[in-house]
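Notes follow once the structure below has been shown.
The values are calculated or read from the model by the stated rules, or taken from the named source; none is laboratory data. Since the model is a prediction, treat every value here as computed from it, not as a measurement. All Cβ positions, even for glycine, are placed from backbone atoms using ideal geometry, and neighbour counts span all protein chains on display. Quick note on the areas: whole protein, heavy atoms, side chains included, nothing else; ligands and nucleic acids left out. Shrake-Rupley method; radii C 1.70, N 1.55, O 1.52, S 1.80 Å.
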Protein chains: 2
Amino acid sequence: MILKEGKIVAGVSARHLHLAEMDLKALFGENTTLTPIKDLGQPGQYASEEKVKVIGPKGQFESVRVLGPVRKDTQVEVSLTDAFKLGVIPPVRDSGDIEGTPGVTLVGPAGEVNLNKGLILAKRHIHMTPEDAKRFDVKDKDIVSVLCDTQGRKTIFQDVLIRVSPKYALEFHVDTDEANASFLKTGDQIKIIKEL
Amino acid sequence: MILKEGKIVAGVSARHLHLAEMDLKALFGENTTLTPIKDLGQPGQYASEEKVKVIGPKGQFESVRVLGPVRKDTQVEVSLTDAFKLGVIPPVRDSGDIEGTPGVTLVGPAGEVNLNKGLILAKRHIHMTPEDAKRFDVKDKDIVSVLCDTQGRKTIFQDVLIRVSPKYALEFHVDTDEANASFLKTGDQIKIIKEL
């Protein structure tokens, strides 16, 4: 195994959703725009003040954070632990790849949206710029392994997707199951491992 | 890395507890004995019919399974996800090693017990017999790595404790966070990896 040079910061994603313009209006009212309250690690992305109820066949979450800005398609990202509670098990997908995924029901102050797709478990991934990619000797869509050198629950995550864009900032994203299994916290540093 | 010969079956532990005789009586009544309903992977261990409410400073679980037989000390094993819900974060410990761990409140049909210790995150571990240990070239208390060759969330768990006793059956134990993070299910096969 080769340890690629340079550390990468981790970001842990709790359950959240992205909304299409149409669904934002249906849930929050015709003239609503998202209200940013906190910048996220990726440039231009933010946590908004807005929250919705997410309802599955077996359970629900009262208050799930909407991330902005609006997107082409509504997408709900949960952990597998969350999915068991909702009662619907989505596949692991890259962000944006929602064809054939299950739907859930969203409820906001102005109305309800019955999604026929959009629920995913997010695939572990690393955002980086083309300059980062050159430095780490990887390219967009590569699959790498990541070492989390934590105390007591040291873990190597394989199946980690590399995502390269000039719009990205260098950051490793996992969900709460992955973070809790490995004691990884937002701000911790990880390393890329490339298997020989 | 050396892949040791032989596959090992995984067992996923949901939140559960073991009760000391005294606490069993306090929770379920003076003449109660545990009622086995399902054998577990380890010889002599069983899931009992009995369940208790587990209450932490921030949240609670209504109905947590008691595993039998009774033990010297009461011990409550949760995932880190569960711990966040309870509002108290225990350390990672080997089973039985509960000195200095936080307590929780247990409520049963006959009464309540306020534990002053006993809440743990279980350390990932592999139960095996001395014969297994010889075959895998490991010994009691060794720390090894485990490869979970699952589809889409392939993971190597490090910090895995080897536990050797003639009373054990060969089995790799993780909690639900670790299982959900790696897509590992009870009955799946894993491999020991020993780092050079």
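What to note about this one:
- For the stretch B:76-91, filtered to residues that are in contact (Cβ under 8 Å) with a residue 60 or more places away in the chain and either touching a helix residue (DSSP H, G or I) at 6+ places or on another chain (Cβ under 9 Å) or farther than 25 Å from A:Gln151 by Cβ (or both), the residue that is surrounded by the most Cβ atoms within 10 Å (Cβ to Cβ) is B:Val78.
- Every condition in (1) within 29 Å of A:Val138 (Cα to Cα); (2) assigned to a loop (DSSP other than H, G, I, E, B); (3) of a type outside the set (Asp, Glu) holds for A:Gly68 except the one numbered (2).
- None of A:Leu40, A:Leu67, A:Leu34 is crowded, with 17+ Cβ neighbours inside 10 Å, free of Cβ contacts under 8 Å to residues at least 60 places away in the same chain and more than 19 Å from A:Lys167 (Cα to Cα) except A:Leu34.
- Selection of the stretch B:178-191 for residues being within 14 Å of chain A (Cβ to nearest Cβ), open to solvent by less than 50 Å² (accessible area, probe 1.4 Å) and more than 21 Å from A:Ser79 (Cα to Cα) yields only B:Ile190.
- Inclusion of B:Phe183 among residues that are in contact (Cβ under 8 Å) with a residue 12 or more places away in the chain and on the phi > 0 side of the Ramachandran plot is warranted.
- For A:Gly87, the test of being away from every other protein chain (no Cβ under 12 Å) and more than 20 Å from B:Phe183 (Cα to Cα) is failed.
- Under the condition of being open to solvent by less than 50 Å² (accessible area, probe 1.4 Å) and more than 14 Å from chain B (Cβ to nearest Cβ), the residues counted in the stretch A:97-140 number 21.
- Annotation: of all residues in the stretch B:45-63 being surrounded by fewer than 21 Cβ atoms within 10 Å (Cβ to Cβ) and within 21 Å of B:Val174 (Cβ to Cβ), the one that is nearest to the other protein chains (Cβ to nearest Cβ) is B:Phe61.
- Residue that is surrounded by the most Cβ atoms within 10 Å (Cβ to Cβ), among those in the stretch B:146-177 that are more than 8 Å from chain A (Cβ to nearest Cβ) and of a type in the set (Gly, Ala, Ser): B:Ala169
- Scanning the stretch B:6-47 for residues that are more than 23 Å from B:Leu86 (Cα to Cα) and not in a loop (DSSP other than H, G, I, E, B) yields B:Ile8, B:Val9, B:Ala10, B:Gly11, B:Glu21, B:Met22, B:Lys25, B:Pro36, B:Ile37, B:Lys38, B:Asp39, B:Tyr46.
- Being within 14 Å of chain B (Cβ to nearest Cβ), more than 22 Å from A:Thr105 (Cα to Cα), modelled with pLDDT under 95 and open to solvent by 40 Å² or more (accessible area, probe 1.4 Å) is a condition met by at least one residue of the stretch A:3-15.
- Total residues in the stretch A:148-164 satisfying the condition of being over 19 Å from the mean Cα position of the chain (by Cα) and farther than 15 Å from B:Cys148 by Cβ: the figure is 4.
- Checked against the criterion of being among the basic types (Lys, Arg), without any contact (Cβ under 8 Å) to a residue 40 or more places away in the chain and part of a strand (DSSP E or B), the candidates A:Lys58, A:Lys51 yield just one match: A:Lys51.
- Of all residues in the stretch B:134-156, exactly one satisfies the criterion of being touching a helix residue (DSSP H, G or I) at 6+ places or on another chain (Cβ under 6 Å) and hydrophobic (A, V, I, L, M, F, W, C), namely B:Cys148.
- B:Thr155 being hydroxyl-bearing (Ser, Thr, Tyr) and over 27 Å from A:Ile120 (Cα atoms): no
- Checked against (1) open to solvent by less than 40 Å² (accessible area, probe 1.4 Å); (2) more than 14 Å from chain B (Cβ to nearest Cβ); (3) of a type outside the set (Val, Ile, Thr), A:Asp73 meets all criteria but (1).
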